[in-house]
Amino acid sequence: MSSDDELPSFKSTKATMTHASPEELFYRLSGRAASHGYLRGAQQDVLREYVEKHCTTADLAFELPTGAGKTAAGLLVAEWWRLQSRTVAYLSLTKQLAAQVLEEARRLNVDVADLRGTKAERSPAEEGRYRTGKAIAITTYSNLFNVNPVLQETDLILFDDAHGGEQYVANLWTVSVSASRDGALYNALLAALRPGLSAGQLRSILDESAMGGVEMVDVRSHPECIEQVVAVLGGEGAEAARFAWSSIRNRIHTCLFLVSSHGVTIRPLIPPTHTHEPFAKAKQRIFMSATLGGEGDLQRAYGTQKIEMVRARTSQRGRCYIFVPGIYCALEATDRIVAAVFDQLPVRRAVVLAPSERILDRTFDRLRAGMKAEPKRLGATDIASTLDTFVKSENVLLTLAGRYDGLDLPDDQCRLLVMSESPAAINPLERHLSERWKMGPVLRRRERTRLIQGMGRCTRNATDFAVIVWVGQSLVNAATSPSLLGGFPGELAAEIRWGTEQSELAANSESQLAQMMIGLILNPDYRKAADGSIAEIQGTQEAGHSEDYDAAGADEVRFARAMWDENFQYAHETAHSIADHLTSPDLSGYRAWWWYLASVAASLAGNQQAEENCLTRGSKCGVNSGWLNQLMQRRFQAIDFQKDVAIVANAEPLWDHLARWGWAGPAFEQRIDTMLNHLSGSDHAGYHEGLEALGQCFGAMCTRTTKPGAPDVVWSFANDLHLAFEAKTEKKTTSELSKKDLQEAKGHVDWIKEYLSEESAAVEIHTIVVSPTPEVHQTALPFVGGLFYLSPKTILQIARRASAGARKLRVTFSGREFAEAAVEFSSMMRSLRLDLAAMKEAFLENRLKKT
């Protein structure tokens, strides 16, 4: 250095500016864009209540309706904290949404640091600005919830679109192995977990003709499953699960093991966020959403025990024209209506939302088949950084699975939204709770919240509008469920009611309903007339019945933390208390679930008596009792447990079949007509399908396979009762049953014991030969013993009676929940002769005899 003039000058240290509130800060921000000249009413509501009551609250939630300026309100709180020499981070679901936050910060003239992407993609200088408090970190959830997060020692963390972030939180502690993407690892884990699955569960997972539910593995009875899983995930070929496995490896015995035909999931009930210091050590966490729902769901999603709610008192929303054609027409007709509307859009652009990739794929394939021009398909990865790939394209469908929040498509960017199937359960745990524990009343608020959020994707301001079409049987059921619809905001409830009434057009003219939808998109006067009709409908919001569920949220978090911390005695006591306090009849499934969890904690605590007591009490709740009884048989063989005689053994599976066939809409009658047509003919393939449908009318889990030596159809029930059918409908009335026919039928008992039986001492197997003739050939006479006989005519008579009974059950119990209706449902089943005793009497009346 030759002179002091060449030395760099020192940066001056500015005094920290302080403001009395985020609202005052807003009006002193110089250089704000003209679009941010004032705060809206909803923003003022939230910011003022925050300053008055919640500046030091550890966990709180902001609810600002769509288009009310939620991002700006969050950034103002963030900047207010930062100017008090604190580190602050603002999290978005995706990089594209984070880019919107960065742009909003520019308009406000707030200092932010772009921390999107991986370590290699981020700027060290930007990280430094965040760490020194010179800028608010703008990044994604995945940059907080991972094994080496960029966010450390942050004073304030804001979680935008908080409901959409729950899966990102859980992923840190969730081993998820896909059957399609990681087939070898999936098969290895399935083999490791096989001892903990019953024959019925395995059949549900593997049988291509089954519905493919999510099954819980009984690892408490089979600890070797855990040992084998540890070996599989600790070996070569488990790279796909490496990071999550490192998070749960030392606590795997406290996790839930869920298996379906689509994948294996291993996870704790609630994410143990209290062990993740970058989250747990923040002084304040703010969860933001346009639709919060209840406190309980956020507590469970983020593992926090108390969240204060701050809701805007003023609201605004666009107009949703909601149609449910499936109430009045078949699914194929609904698809044609959607395709016709899409084809007539000035700019052919639409969004399709579904709860899973599998449903999304099926929906896209059906819709594109009816469209004049093959649409381009975009997915979540295509819009990860920008929405331009969608909003600047034509003849395109944006298809998203489980993405009901965190997507902004205002005005002409998108006018058509298709929602395929209900979002009540969008991950394996939710599906298991819904399917096996009948927790519809518990999940209903999530379903409603996701529907509201999803329908708001294309109505982003008070003057915005969109045509929304609900597709699929589960949404038809939802649209006709008073308990679900009663909890919607009044105006939205009116829109749904208006749309379902207009959807009746689909019964007579698909084209007229399509023209109505396209007219609403293109014609302002037509929309004005519709708005007037909607305004005349009195929509009211009911409180619902979720108080017990919300109240249990903090206790459930305490249970999950105790389990993770291996304080099993406290976990047992907490779960026991939760179950004891769930007294509402419609929460019977929820109560049974918590008795099961209490039994797991008791088992881990080494308290066999308490474990037995919890399983016994859980089985008496009347939901998933078959599985709980199996657990008791395996663990306490000497115990003679009592079944709830008020609830018939096949009530729950029959309810499930009715739900799948449809509580509303034409699908039920179409299925019944198809069954009766098949059973009226002699074609063997069609007849087997008819027998399968008839079994479902009695609540059977049906097996229909073409494997050598297998029965044509088997009906299986939870008490290890099996009816095998050998259909010889092609025979003439003058022909005889041969020795080969009867030997084949008699072999079905061994086949069922090998592949379907639970290996219990109480197994009961009967084989029924269906033939126009009961005559037996002389050489077959020694083989008639133990076989039963029914003619196709008698089968058809039984089918007509059973279908009439199923129809009465459907009409009577539509809109209700199994948990609260189980006893009444069972009583009606008995009167309609659909219970197991009446079924056995009908099908086992005639033994095949020597003549």
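The values are calculated or read from the model by the stated rules, or taken from the named source; none is laboratory data. Worth saying up front: this structure is predicted, and the values here are computed from it rather than measured. Every residue, glycine as well, gets a Cβ built from its backbone with ideal geometry; the counts of neighbours run over all protein chains shown. Heavy atoms of the whole protein, side chains included, go into the accessibility calculation; ligands, DNA and RNA do not. Shrake-Rupley method; radii C 1.70, N 1.55, O 1.52, S 1.80 Å.
In summary, Ser198 fulfils each of the numbered conditions (1) within 30 Å of Ser85 (Cβ to Cβ); (2) open to solvent by less than 20 Å² (accessible area, probe 1.4 Å); (3) over 21 Å from the mean Cα position of the chain (by Cα); (4) modelled with pLDDT under 95 with the single exception of condition (1).
Given the structure, is Val467 in contact with a helix residue (DSSP H, G or I) (Cβ under 8 Å, 6 or more places away or on another chain) and closer than 25 Å to Lys70 by Cα? Yes, satisfied. Could you count how many residues in segment 423-455 are open to solvent by less than 10 Å² (accessible area, probe 1.4 Å) and part of a loop (DSSP other than H, G, I, E, B)? Going through segment 423-455 one residue at a time, the tally reaches 3.
Residues are listed down the side, and each one gets a yes or a no for (1) open to solvent by less than 10 Å² (accessible area, probe 1.4 Å); (2) of a type in the set (Lys, Arg); (3) assigned to a helix (DSSP H, G or I); (4) closer than 22 Å to Ala113 by Cα:
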{"position": "Leu151", "(1), (2), (3), (4)": "yes, no, no, yes"}
{"position": "Ile157", "(1), (2), (3), (4)": "yes, no, no, yes"}
{"position": "His163", "(1), (2), (3), (4)": "no, no, yes, no"}
{"position": "Tyr168", "(1), (2), (3), (4)": "no, no, yes, yes"}
{"position": "Tyr186", "(1), (2), (3), (4)": "no, no, yes, no"}
{"position": "Leu190", "(1), (2), (3), (4)": "no, no, yes, no"}
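Considering segment 211-252, the residues that are touching a residue at least 40 places away in the same chain (Cβ under 8 Å) and among the polar types (S, T, N, Q) include one that is nearest to Asp182 (Cα to Cα), namely Ser246.
In segment 357-376, the residue that is surrounded by the fewest Cβ atoms within 10 Å (Cβ to Cβ) out of those that are in contact with a Phe, Trp or Tyr (Cβ under 8 Å, 6 or more places away or on another chain) and assigned to a loop (DSSP other than H, G, I, E, B) is Met371. Of all residues in segment 57-71, those satisfying the criterion of being open to solvent by less than 30 Å² (accessible area, probe 1.4 Å) and either assigned to a loop (DSSP other than H, G, I, E, B) or in contact with a His (Cβ under 7 Å, 6 or more places away or on another chain) (or both) are Thr57, Leu60, Leu64, Pro65, Thr66, Gly67, Ala68, Gly69.
In this structure, is Ile647 open to solvent by less than 40 Å² (accessible area, probe 1.4 Å) and over 27 Å from Lys793 (Cα atoms)? Considered against the rule, which asks whether it is open to solvent by less than 40 Å² (accessible area, probe 1.4 Å) and over 27 Å from Lys793 (Cα atoms), Ile647 comes out as yes. Residues that are at pLDDT 95 or above and among the polar types (S, T, N, Q) do occur in segment 152-161, at least one of them.
Just to verify a result, which residue in segment 579-604, among those that are under 23 Å from Tyr302 (Cβ atoms) and in contact with a Leu (Cβ under 8 Å, 6 or more places away or on another chain), is surrounded by the most Cβ atoms within 10 Å (Cβ to Cβ)? The qualifying residue surrounded by the most Cβ atoms within 10 Å (Cβ to Cβ) is Trp594. Taking first residues from segment 694-713 that are under 21 Å from Ala799 (Cβ atoms) and partners that are open to solvent by 50 Å² or more (accessible area, probe 1.4 Å), the Cβ contacts under 6 Å between residues at least 6 apart in sequence or on separate chains come to Val713/Arg704.
Among Glu817, Glu754, Glu764, Glu824, which is the only one that is touching a residue at least 60 places away in the same chain (Cβ under 8 Å) and either closer than 16 Å to Leu654 by Cα or open to solvent by 30 Å² or more (accessible area, probe 1.4 Å) (or both)? It is Glu817. For segment 79-117, filtering for residues that are of a type in the set (Phe, Trp, Tyr), more than 22 Å from Tyr168 (Cα to Cα) and in contact with a helix residue (DSSP H, G or I) (Cβ under 6 Å, 6 or more places away or on another chain) leaves 1. For residues that are charged (D, E, K, R) and not in a helix (DSSP H, G or I), scanning just segment 342-356, find the one that is surrounded by the most Cβ atoms within 10 Å (Cβ to Cβ). Applying the filter and picking the extreme gives Arg349.
Being on the phi > 0 side of the Ramachandran plot, open to solvent by less than 30 Å² (accessible area, probe 1.4 Å) and modelled with pLDDT of 95 or more holds for only one residue in Gly665, Gly699, Gly690, and it is Gly699. Pick out the one residue from Ala231, Ala244, Ala282 that is open to solvent by 20 Å² or more (accessible area, probe 1.4 Å) and either hydrophobic (A, V, I, L, M, F, W, C) or not in a strand (DSSP E or B) (or both). Residue meeting the stated conditions: Ala231.
Could you grab me the full set of residues in segment 118-138 that are in contact with a helix residue (DSSP H, G or I) (Cβ under 7 Å, 6 or more places away or on another chain) and either over 14 Å from Gly74 (Cα atoms) or in a loop (DSSP other than H, G, I, E, B) (or both)? Don't jump to the end; show me each part of the working.
So in segment 118-138, the residues in contact with a helix residue (DSSP H, G or I) (Cβ under 7 Å, 6 or more places away or on another chain) come out as 133, 135-138.
Once the filter is applied, which keeps residues that are in contact with a helix residue (DSSP H, G or I) (Cβ under 7 Å, 6 or more places away or on another chain) and either over 14 Å from Gly74 (Cα atoms) or in a loop (DSSP other than H, G, I, E, B) (or both), segment 118-138 yields Gly133, Ala135.
Residue pairs, Cβ under 6 Å, 6 or more apart or interchain, first in segment 794-810 and touching a residue at least 60 places away in the same chain (Cβ under 8 Å) and open to solvent by less than 20 Å² (accessible area, probe 1.4 Å), second of a type outside the set (A, V, I, L, M) and assigned to a helix (DSSP H, G or I). List them. If the second residue must be of a type outside the set (A, V, I, L, M) and assigned to a helix (DSSP H, G or I), the pairs left are Ala802/Cys697; Ala806/Cys697. Here Asp720 passes the criteria (1) modelled with pLDDT under 90; (2) open to solvent by 30 Å² or more (accessible area, probe 1.4 Å) except the one numbered (2).
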